[in-house]
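I have placed the structure first, in the form of structure tokens, so that the comments after it can refer back to it.
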Amino acid sequence: MGRLFVESVSGKKIFKCKSCKVDSASHEDIVSKQFQGRFGRAYLFKNAVNISLGPTEERHLLSGLHIVKDIFCSSCQQILGWRYERVGHEG
């Protein structure tokens, strides 16, 4: 297996993986803080690094049915959140 490439993020406040402390996103990349995840508050970022994506799936969120992919830390595979692929339609 090859060496893992880890990208660093610049800025005053950096979001990091809770498990392995690898940089994930900069505070300046927050688009919205008005989201609620399975485990509490969630943020929408315009950019994230050191991530890998899970398979596409339909998920019922508070705002309805959406097509999403889970986002994992590329270093330790801890789940970090999800990415919207598109908005689904009920019915």
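The values are calculated or read from the model by the stated rules, or taken from the named source; none is laboratory data. The model shown is predicted, which means the values in this text are computed figures rather than measured ones. Heads up, the Cβs are rebuilt from the backbone with ideal geometry, glycines too, and the neighbour counts pull from every protein chain shown. Keep in mind that these areas ignore ligands, DNA and RNA; they rest on the heavy atoms of the full protein, side chains included. Shrake-Rupley method; radii C 1.70, N 1.55, O 1.52, S 1.80 Å.
What the table below lists for this structure:
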{"item": "Hits in the stretch 36-59 (condition: of a type outside the set (S, T, N, Q) and within 12 Å of the chain's Cα centre (by Cα))", "result": "Gly37, Ala42, Tyr43, Leu44, Phe45, Lys46, Ala48, Val49, Ile51, Leu53, Gly54"}
{"item": "Count of residues meeting criterion [open to solvent by 50 Å² or more (accessible area, probe 1.4 Å) and outside any strand (DSSP E or B)] in the stretch 66-81", "result": "4"}
{"item": "Members of the stretch 35-65 found to be at pLDDT 90 or above, of a type outside the set (Ser, Thr, Tyr) and surrounded by 13 or more Cβ atoms within 10 Å (Cβ to Cβ), listed by number", "result": "Leu44, Phe45, Ala48, Val49, Asn50, Ile51, Leu53, Gly54"}
{"item": "Test: Ala25 is touching a residue at least 24 places away in the same chain (Cβ under 8 Å), in contact with a helix residue (DSSP H, G or I) (Cβ under 9 Å, 6 or more places away or on another chain) and either within 19 Å of Leu4 (Cβ to Cβ) or not in a strand (DSSP E or B) (or both)", "result": "no"}
{"item": "Residue, most open to solvent (accessible area, probe 1.4 Å), within the stretch 1-22, restricted to residues that are of a type in the set (A, V, I, L, M) and part of a loop (DSSP other than H, G, I, E, B)", "result": "Met1"}
{"item": "Restricting the stretch 82-91 to residues that are open to solvent by 30 Å² or more (accessible area, probe 1.4 Å) and in a loop (DSSP other than H, G, I, E, B), the residue that is farthest from Asp29 (Cα to Cα)", "result": "Gly91"}
{"item": "Subset of the stretch 13-63 (residues that are within 11 Å of Gly81 (Cβ to Cβ) and among the hydroxyl-bearing types (Ser, Thr, Tyr))", "result": "Ser24, Tyr43"}
